[in-house]
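The structure appears below as structure tokens.
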């Protein structure tokens with residue numbers, strides 16, 4: 001999936017992946033790929049700046065941890081991050097409902113579903 005298509009949704013995706021457990025950057029990228037069935041292949045140049053931004057606004061906190069013998073920065077949701085995720089989910093539901101209403105096939109009066 002094109003990263004441009006993800007614009008505006010990256011925060012929600014990152015917050016969602018971190019909802020239940022702290023992860024380091026590469027594990028976050030892997031989780032996005034796995035949870036999307038391989039459809040999302042997000043470059044590190046997109047993920048790391050977003051993680052730092054989310055930390056600056058208080059939605060994430062980070063700490064250094066040793067993972068597999070390597071020192072890595074691990075990110076965790078804050079209380080504000082959980083609230084932001086709930087808001088993102090609500091906004092996503094409203095967005096998909098609105099877009100779905102527009103994209104759903106409609107039949108014209110008297111045309112009973114005929115395409116032409």
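The values are calculated or read from the model by the stated rules, or taken from the named source; none is laboratory data. From a predicted model like this one, the values you see are computed outputs, not experimental measurements. In this analysis, Cβ positions are derived from the backbone assuming ideal geometry, glycine residues included, and neighbour counts consider all displayed protein chains.
Has the stretch 61-82 got any residue that is under 17 Å from residue 9 (Cβ atoms) and over 17 Å from the mean Cα position of the chain (by Cα)?
No, the conditions are met nowhere in the stretch 61-82.
Kindly indicate the residue of the stretch 30-45 that is part of a helix (DSSP H, G or I) and within 12 Å of the chain's Cα centre (by Cα) and also surrounded by the most Cβ atoms within 10 Å (Cβ to Cβ) among those meeting that condition.
Checked the stretch 30-45; the qualifying residue surrounded by the most Cβ atoms within 10 Å (Cβ to Cβ) is 32.
If you check residue 20 against the conditions, is it surrounded by fewer than 18 Cβ atoms within 10 Å (Cβ to Cβ) and modelled with pLDDT of 90 or more?
yes
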